[in-house]
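The values are calculated or read from the model by the stated rules, or taken from the named source; none is laboratory data. Please read all numbers here as calculations on a predicted model, not as lab measurements. Here the Cβ is made from the backbone with ideal geometry for all residues, glycine too, and neighbour counts use every protein chain on show.
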Amino acid sequence: MADLPHAVLFSCTRNAVRSPMAEGLLKYLLGHRIYVDSVGIRPLEIDPFVVEVMDEIGIDLSKHRPKTFEDLEDTSFDLIISLSPEAQHSAVELTRTMACEVEFWNTLDPSIVEGNRDMRLDAYRQVRDQLMRRIEQRFELDLKPVP
């Protein structure tokens, strides 16, 4: 496993879908080794579909409370991963006052997908699984199932 950052911040537009998913995944995988948090530009309550698809893999996000960059009590992050263009802009602005690495993982907002419940849930699952793959690659995790 590569050298891990001490603290990672995920950011997106509303801290209601993508960034809470990413935060939950990384906390589940490495939360015992690194500090993980998430923020949004304009906070909105967690999306119920997020809670449902994360619960499917054993991660409870029902108590997630959205916050903004301004709500952060600590800004000692080694890495900020932005999941939307708007959040990327704010993350780059934050580097004016703190030294950290910023990465942009442009990620679809599944809340814009239309269709029936199953179609919408599938879009959320795809985003969840895409984030899991990106986290596996970025943090050099080997999460292949044991036969």
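Here are the numbers:
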item	result
Qualifying residue in the range 107-130 (condition: closer than 19 Å to I59 by Cβ and aromatic (F, W, Y))	yes
Subset of the range 123-137 (residues that are surrounded by 15 or more Cβ atoms within 10 Å (Cβ to Cβ) and at pLDDT below 95)	E136
Considering residues of the range 24-44 that are in a helix (DSSP H, G or I) and touching a residue at least 40 places away in the same chain (Cβ under 8 Å) only, the residue nearest to K63 (Cα to Cα)	G24
Filtered residues of the range 91-113 (kept if modelled with pLDDT under 95 and surrounded by 20 or more Cβ atoms within 10 Å (Cβ to Cβ))	A91
Residue list for the range 6-42, restricted to those being among the small types (G, A, S), buried (at least 24 other Cβ atoms within 10 Å of the Cβ) and touching a Phe, Trp or Tyr at 6+ places or on another chain (Cβ under 8 Å)	S11, S19, A22, S38
Within the range 65-77, tally of residues that are surrounded by fewer than 17 Cβ atoms within 10 Å (Cβ to Cβ) and closer than 23 Å to R128 by Cα	3
Subset of the range 26-79 that is of a type in the set (K, R) and within 22 Å of P5 (Cβ to Cβ) - its residue that is farthest from the chain's Cα centre (by Cα)	R33
Qualifying residue in the range 45-56 (condition: in a loop (DSSP other than H, G, I, E, B), of a type outside the set (A, V, I, L, M, F, W, C) and free of Cβ contacts under 8 Å to residues at least 60 places away in the same chain)	yes
Tally, over the range 91-147, of residues that are among the β-branched types (V, I, T), in contact (Cβ under 8 Å) with a residue 60 or more places away in the chain and assigned to a helix (DSSP H, G or I)	2
